[in-house]
Amino acid sequence: MKLLRFGLKGHEKPGMLDQDGKIRDLSSILADIDGANIQPEQLAYLRTRDITSLPIVADDVRLGSCVNKVGKFICIGLNYADHATESNMPIPSEPEVFSKFTSAICGPNDDIIQPKGSDKLDWEVELAIVIGSKASYVSEQNAEQHIAGYCVCNDVSERTFQLERGNQWDKGKGCDSFGPIGPYLVTKDEISDVANLSLWLEVNGQRFQDGNTKTMIFKPAFIVSYLSQFTTLEPGDVITTGTPPGVGLGQKPPLYLKVGDKVTLGIEGLGHQNQKVVRVE
(Lines give C-alpha, C1' and ligand atoms only; values in the text may rest on other atoms or scores of the structure.)
Protein backbone atom coordinates (compact mmCIF):
# COMPACT_ATOMS: atom_id res chain seq x y z
CA MET A 1 0.00 0.00 0.00
CA LYS A 2 1.01 3.59 -0.61
CA LEU A 3 -0.45 5.65 2.22
CA LEU A 4 -0.43 9.44 2.29
CA ARG A 5 -1.95 12.53 3.86
CA PHE A 6 -3.50 15.34 1.81
CA GLY A 7 -5.01 18.76 2.33
CA LEU A 8 -4.21 22.12 3.85
CA LYS A 9 -1.42 22.23 6.41
CA GLY A 10 -2.76 21.19 9.79
CA HIS A 11 -5.97 19.84 8.27
CA GLU A 12 -4.69 16.84 6.30
CA LYS A 13 -6.82 13.77 5.69
CA PRO A 14 -5.62 10.17 5.24
CA GLY A 15 -5.44 8.73 1.76
CA MET A 16 -4.20 5.82 -0.29
CA LEU A 17 -3.00 5.52 -3.86
CA ASP A 18 -5.18 3.12 -5.84
CA GLN A 19 -4.09 0.81 -8.67
CA ASP A 20 -4.63 3.57 -11.21
CA GLY A 21 -2.46 6.05 -9.30
CA LYS A 22 -5.44 8.03 -8.02
CA ILE A 23 -5.68 9.23 -4.42
CA ARG A 24 -8.60 7.76 -2.50
CA ASP A 25 -9.93 9.54 0.58
CA LEU A 26 -9.68 7.15 3.55
CA SER A 27 -11.17 9.53 6.12
CA SER A 28 -14.43 7.55 6.33
CA ILE A 29 -12.58 4.46 7.55
CA LEU A 30 -9.37 5.81 9.07
CA ALA A 31 -8.70 8.76 11.37
CA ASP A 32 -5.14 9.49 10.21
CA ILE A 33 -1.86 7.98 9.02
CA ASP A 34 -0.08 7.90 12.37
CA GLY A 35 1.40 5.50 14.88
CA ALA A 36 -2.02 4.34 16.06
CA ASN A 37 -3.08 3.35 12.55
CA ILE A 38 0.04 1.80 11.01
CA GLN A 39 0.50 -1.05 13.46
CA PRO A 40 0.34 -4.55 11.95
CA GLU A 41 -3.30 -5.19 12.90
CA GLN A 42 -4.46 -1.88 11.46
CA LEU A 43 -2.53 -2.35 8.21
CA ALA A 44 -3.90 -5.89 7.86
CA TYR A 45 -7.42 -4.53 8.28
CA LEU A 46 -6.80 -1.79 5.73
CA ARG A 47 -5.63 -4.34 3.18
CA THR A 48 -9.03 -6.05 3.39
CA ARG A 49 -10.96 -2.92 2.49
CA ASP A 50 -12.18 -2.26 -1.03
CA ILE A 51 -11.21 1.36 -1.65
CA THR A 52 -12.62 1.60 -5.18
CA SER A 53 -15.86 3.12 -3.89
CA LEU A 54 -14.11 5.81 -1.86
CA PRO A 55 -13.94 9.41 -3.15
CA ILE A 56 -11.17 10.28 -5.60
CA VAL A 57 -9.08 13.30 -4.60
CA ALA A 58 -7.92 15.95 -7.09
CA ASP A 59 -4.45 15.29 -8.52
CA ASP A 60 -3.23 18.78 -7.63
CA VAL A 61 -4.04 18.54 -3.93
CA ARG A 62 -1.30 19.47 -1.46
CA LEU A 63 0.38 16.47 0.17
CA GLY A 64 1.33 16.60 3.83
CA SER A 65 3.95 14.51 5.58
CA CYS A 66 3.11 10.86 5.01
CA VAL A 67 3.06 10.21 8.78
CA ASN A 68 1.51 12.40 11.47
CA LYS A 69 2.26 12.73 15.18
CA VAL A 70 5.83 11.49 14.85
CA GLY A 71 7.24 10.87 18.31
CA LYS A 72 10.93 10.53 17.41
CA PHE A 73 12.73 11.66 14.26
CA ILE A 74 16.07 9.85 14.41
CA CYS A 75 18.85 10.16 11.86
CA ILE A 76 21.85 8.08 10.90
CA GLY A 77 24.80 10.09 9.62
CA LEU A 78 27.67 9.09 7.34
CA ASN A 79 25.98 5.81 6.41
CA TYR A 80 27.48 5.70 2.91
CA ALA A 81 31.25 5.30 2.90
CA ASP A 82 31.77 7.57 -0.10
CA HIS A 83 29.68 10.33 1.54
CA ALA A 84 31.83 10.11 4.68
CA THR A 85 34.88 10.56 2.47
CA GLU A 86 33.47 13.61 0.68
CA SER A 87 32.63 15.10 4.08
CA ASN A 88 36.23 14.57 5.28
CA MET A 89 34.97 12.41 8.14
CA PRO A 90 36.02 8.90 9.18
CA ILE A 91 33.87 5.93 8.18
CA PRO A 92 31.93 5.09 11.36
CA SER A 93 32.40 1.76 13.12
CA GLU A 94 28.93 2.12 14.66
CA PRO A 95 25.95 4.13 13.37
CA GLU A 96 26.36 7.87 13.84
CA VAL A 97 23.11 8.88 15.58
CA PHE A 98 21.53 12.33 15.88
CA SER A 99 17.99 13.71 15.81
CA LYS A 100 15.90 16.17 13.86
CA PHE A 101 13.28 18.10 15.81
CA THR A 102 9.79 16.91 14.89
CA SER A 103 8.79 20.51 14.14
CA ALA A 104 11.06 20.21 11.07
CA ILE A 105 8.62 17.74 9.48
CA CYS A 106 6.66 19.02 6.49
CA GLY A 107 5.08 17.87 3.27
CA PRO A 108 7.15 16.50 0.39
CA ASN A 109 6.51 19.51 -1.84
CA ASP A 110 6.45 22.26 0.78
CA ASP A 111 8.98 25.08 0.57
CA ILE A 112 12.41 24.79 2.19
CA ILE A 113 12.68 27.82 4.47
CA GLN A 114 16.19 29.26 4.69
CA PRO A 115 16.71 30.24 8.35
CA LYS A 116 18.01 33.62 9.46
CA GLY A 117 21.82 33.60 9.46
CA SER A 118 22.02 30.64 7.10
CA ASP A 119 24.77 30.67 4.48
CA LYS A 120 25.42 26.95 3.87
CA LEU A 121 22.04 25.37 3.16
CA ASP A 122 22.47 21.82 1.89
CA TRP A 123 20.49 18.83 0.57
CA GLU A 124 20.51 15.09 1.34
CA VAL A 125 18.21 12.51 -0.26
CA GLU A 126 17.59 9.65 2.17
CA LEU A 127 15.59 6.48 2.65
CA ALA A 128 13.50 6.74 5.83
CA ILE A 129 12.13 3.88 7.93
CA VAL A 130 8.72 4.19 9.57
CA ILE A 131 8.24 2.07 12.69
CA GLY A 132 5.00 0.06 12.88
CA SER A 133 5.26 -1.73 16.23
CA LYS A 134 7.08 -1.18 19.50
CA ALA A 135 10.73 -2.24 19.37
CA SER A 136 12.95 -2.62 22.43
CA TYR A 137 16.11 -4.73 22.45
CA VAL A 138 15.14 -6.48 19.23
CA SER A 139 17.56 -8.62 17.24
CA GLU A 140 18.59 -7.78 13.70
CA GLN A 141 16.83 -10.97 12.58
CA ASN A 142 13.51 -9.81 14.09
CA ALA A 143 13.83 -6.11 13.39
CA GLU A 144 11.97 -6.10 10.08
CA GLN A 145 8.71 -7.17 11.72
CA HIS A 146 8.74 -3.82 13.57
CA ILE A 147 8.91 -1.80 10.33
CA ALA A 148 5.65 -0.54 8.81
CA GLY A 149 7.26 0.76 5.65
CA TYR A 150 9.55 3.31 4.05
CA CYS A 151 9.46 6.82 2.58
CA VAL A 152 11.58 9.49 0.95
CA CYS A 153 13.21 12.11 3.17
CA ASN A 154 15.23 15.20 2.32
CA ASP A 155 17.54 15.65 5.31
CA VAL A 156 17.91 19.39 4.72
CA SER A 157 20.97 20.69 6.57
CA GLU A 158 22.55 24.01 7.44
CA ARG A 159 26.29 23.28 7.54
CA THR A 160 27.38 26.40 9.42
CA PHE A 161 24.87 25.64 12.19
CA GLN A 162 25.79 21.94 12.11
CA LEU A 163 29.58 22.01 11.94
CA GLU A 164 30.80 25.44 12.96
CA ARG A 165 28.64 26.32 15.97
CA GLY A 166 29.49 23.69 18.57
CA ASN A 167 29.77 19.92 18.64
CA GLN A 168 26.09 18.97 18.27
CA TRP A 169 24.64 18.46 14.80
CA ASP A 170 21.02 19.02 15.83
CA LYS A 171 21.08 22.82 15.39
CA GLY A 172 21.84 22.41 11.70
CA LYS A 173 19.35 19.61 11.15
CA GLY A 174 16.13 20.55 12.89
CA CYS A 175 15.11 23.96 11.57
CA ASP A 176 11.56 24.45 10.34
CA SER A 177 10.97 22.69 6.97
CA PHE A 178 14.20 20.65 7.23
CA GLY A 179 12.32 17.32 7.29
CA PRO A 180 10.05 16.80 4.27
CA ILE A 181 8.84 13.18 4.30
CA GLY A 182 6.71 11.46 1.69
CA PRO A 183 4.90 11.59 -0.65
CA TYR A 184 3.95 8.09 0.47
CA LEU A 185 4.46 5.70 3.31
CA VAL A 186 5.07 2.58 1.22
CA THR A 187 4.41 -0.57 3.22
CA LYS A 188 7.31 -2.98 3.32
CA ASP A 189 5.47 -5.71 1.40
CA GLU A 190 5.66 -3.53 -1.73
CA ILE A 191 9.47 -3.39 -1.67
CA SER A 192 11.28 -6.51 -2.85
CA ASP A 193 14.76 -5.44 -1.72
CA VAL A 194 15.16 -2.33 0.41
CA ALA A 195 18.94 -2.78 0.18
CA ASN A 196 18.87 -2.21 -3.59
CA LEU A 197 16.93 0.98 -4.33
CA SER A 198 18.21 3.79 -6.51
CA LEU A 199 17.95 7.30 -5.06
CA TRP A 200 18.73 10.65 -6.63
CA LEU A 201 18.55 14.41 -6.16
CA GLU A 202 18.68 17.37 -8.55
CA VAL A 203 19.03 21.12 -7.97
CA ASN A 204 17.66 23.37 -10.72
CA GLY A 205 17.60 20.36 -13.04
CA GLN A 206 21.24 19.35 -12.46
CA ARG A 207 21.75 15.93 -10.90
CA PHE A 208 24.08 15.94 -7.90
CA GLN A 209 23.18 12.70 -6.11
CA ASP A 210 22.76 9.39 -7.92
CA GLY A 211 23.20 6.47 -5.54
CA ASN A 212 21.82 3.15 -4.39
CA THR A 213 20.96 1.81 -0.95
CA LYS A 214 23.17 -1.23 -1.63
CA THR A 215 26.18 0.92 -0.69
CA MET A 216 24.82 1.62 2.80
CA ILE A 217 27.22 0.69 5.59
CA PHE A 218 24.42 -0.20 8.01
CA LYS A 219 21.21 -1.68 6.56
CA PRO A 220 17.69 -0.86 7.83
CA ALA A 221 17.20 -4.01 9.93
CA PHE A 222 20.53 -3.47 11.66
CA ILE A 223 19.70 0.20 12.28
CA VAL A 224 16.36 -0.64 13.92
CA SER A 225 17.99 -3.31 16.07
CA TYR A 226 20.86 -1.01 17.02
CA LEU A 227 18.65 1.93 18.01
CA SER A 228 16.35 -0.34 20.02
CA GLN A 229 19.25 -1.04 22.36
CA PHE A 230 19.23 2.61 23.45
CA THR A 231 15.60 3.73 23.18
CA THR A 232 12.20 2.14 22.71
CA LEU A 233 11.04 2.73 19.17
CA GLU A 234 7.32 3.41 18.96
CA PRO A 235 4.82 3.15 16.10
CA GLY A 236 5.08 6.26 13.95
CA ASP A 237 8.72 6.98 14.76
CA VAL A 238 10.77 7.90 11.69
CA ILE A 239 14.41 6.93 11.13
CA THR A 240 16.24 8.45 8.19
CA THR A 241 19.20 6.38 7.13
CA GLY A 242 21.92 8.54 5.58
CA THR A 243 22.71 9.93 2.16
CA PRO A 244 24.90 8.93 -0.80
CA PRO A 245 27.62 11.27 -2.08
CA GLY A 246 26.86 14.44 -3.99
CA VAL A 247 25.77 16.87 -1.28
CA GLY A 248 26.63 20.54 -1.59
CA LEU A 249 29.31 20.29 1.10
CA GLY A 250 31.15 17.73 -1.03
CA GLN A 251 31.28 19.78 -4.25
CA LYS A 252 34.58 21.36 -5.28
CA PRO A 253 34.18 24.15 -4.42
CA PRO A 254 31.23 23.62 -2.05
CA LEU A 255 27.86 24.66 -3.45
CA TYR A 256 24.87 25.60 -1.33
CA LEU A 257 21.20 26.31 -1.90
CA LYS A 258 19.98 29.86 -2.51
CA VAL A 259 16.55 31.43 -2.35
CA GLY A 260 14.68 30.51 -5.51
CA ASP A 261 16.50 27.22 -6.09
CA LYS A 262 14.36 24.18 -6.91
CA VAL A 263 15.16 20.76 -5.48
CA THR A 264 13.80 17.48 -6.87
CA LEU A 265 14.56 14.09 -5.34
CA GLY A 266 13.24 10.56 -5.33
CA ILE A 267 13.73 6.91 -4.48
CA GLU A 268 12.85 3.94 -6.65
CA GLY A 269 9.33 2.76 -5.79
CA LEU A 270 8.78 5.41 -3.13
CA GLY A 271 7.94 8.49 -5.19
CA HIS A 272 9.57 11.89 -5.46
CA GLN A 273 9.57 15.34 -3.87
CA ASN A 274 9.76 18.90 -5.26
CA GLN A 275 10.79 21.87 -3.14
CA LYS A 276 11.61 25.55 -3.61
CA VAL A 277 13.91 27.49 -1.32
CA VAL A 278 12.31 30.60 0.21
CA ARG A 279 13.34 33.22 2.76
CA VAL A 280 12.18 32.96 6.33
CA GLU A 281 9.37 35.41 7.03
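The values are calculated or read from the model by the stated rules, or taken from the named source; none is laboratory data. Not measured: the values here are computed from a predicted model. Glycine gets a Cβ as well: all are built from the backbone with ideal geometry, and neighbour counts include every protein chain shown. All accessible areas refer to the heavy atoms of the entire protein, side chains included, with ligands and DNA or RNA removed. Shrake-Rupley method; radii C 1.70, N 1.55, O 1.52, S 1.80 Å.
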Requested in this report: Tell me which of these PRO245 doesn't satisfy, since it passes every other one: (1) more than 21 Å from PRO115 (Cα to Cα); (2) surrounded by 18 or more Cβ atoms within 10 Å (Cβ to Cβ); (3) at pLDDT 95 or above.
Outcome: (3)
**Report entry** Test: VAL57 is of a type in the set (A, V, I, L, M), closer than 20 Å to GLY242 by Cβ and either out of contact with any Lys or Arg (no Cβ under 9 Å at 6 or more places or on another chain) or touching a residue at least 12 places away in the same chain (Cβ under 8 Å) (or both)
**Finding:** no
Query raised in the report: Out of (1) at pLDDT below 95; (2) open to solvent by 10 Å² or more (accessible area, probe 1.4 Å), the odd one out for GLY77 is which?
Result: (2)
Query raised in the report: All but one of (1) of a type in the set (A, V, I, L, M); (2) open to solvent by less than 40 Å² (accessible area, probe 1.4 Å); (3) farther than 16 Å from ASP18 by Cα hold for LEU46; which doesn't?
Result: (3)
Report summary line: GLU202: passes all of (1) more than 18 Å from LEU257 (Cβ to Cβ); (2) assigned to a strand (DSSP E or B) but (1)
Query raised in the report: Hey, GLY236 hits all of (1) open to solvent by less than 60 Å² (accessible area, probe 1.4 Å); (2) part of a helix (DSSP H, G or I); (3) not polar (S, T, N, Q) but one; which does it fall short on?
Result: (2)
Query raised in the report: Taking GLN114, is it in contact with a Leu (Cβ under 6 Å, 6 or more places away or on another chain) and open to solvent by 10 Å² or more (accessible area, probe 1.4 Å)?
Result: yes
Query raised in the report: Of the residues that sit in region 248-281 and are in contact with an Asp or Glu (Cβ under 6 Å, 6 or more places away or on another chain) and part of a strand (DSSP E or B), which one is surrounded by the most Cβ atoms within 10 Å (Cβ to Cβ)?
Result: VAL277
Query - Where SER225 falls short, out of the listed (1) farther than 26 Å from PHE161 by Cα; (2) open to solvent by 10 Å² or more (accessible area, probe 1.4 Å); (3) in contact with a helix residue (DSSP H, G or I) (Cβ under 9 Å, 6 or more places away or on another chain); (4) part of a loop (DSSP other than H, G, I, E, B) - result: (4)
Query - Single match in GLY64, GLY21 (criterion: free of Cβ contacts under 8 Å to residues at least 40 places away in the same chain and under 22 Å from the mean Cα position of the chain (by Cα)) - result: GLY21
Query raised in the report: How many residues are among the small types (Gly, Ala, Ser) and over 29 Å from GLU86 (Cα atoms) if we restrict to region 108-161?
Result: 8
Query raised in the report: Pairs, please: C-beta under 7 Å, at least 6 apart or cross-chain, first residue over 27 Å from LYS9 (Cα atoms) and in contact (Cβ under 8 Å) with a residue 24 or more places away in the chain and in region 174-200, second open to solvent by less than 50 Å² (accessible area, probe 1.4 Å) and acidic (Asp, Glu)?
Result: none
Query raised in the report: Which of (1) under 21 Å from GLY269 (Cα atoms); (2) open to solvent by 20 Å² or more (accessible area, probe 1.4 Å); (3) not basic (Lys, Arg) is the odd one out, the single condition GLU86 does not satisfy?
Result: (1)
Query raised in the report: Filtering region 191-238 down to residues that are modelled with pLDDT of 95 or more and of a type in the set (Ser, Thr, Tyr), which residue is farthest from PHE73 (Cα to Cα)?
Result: SER198
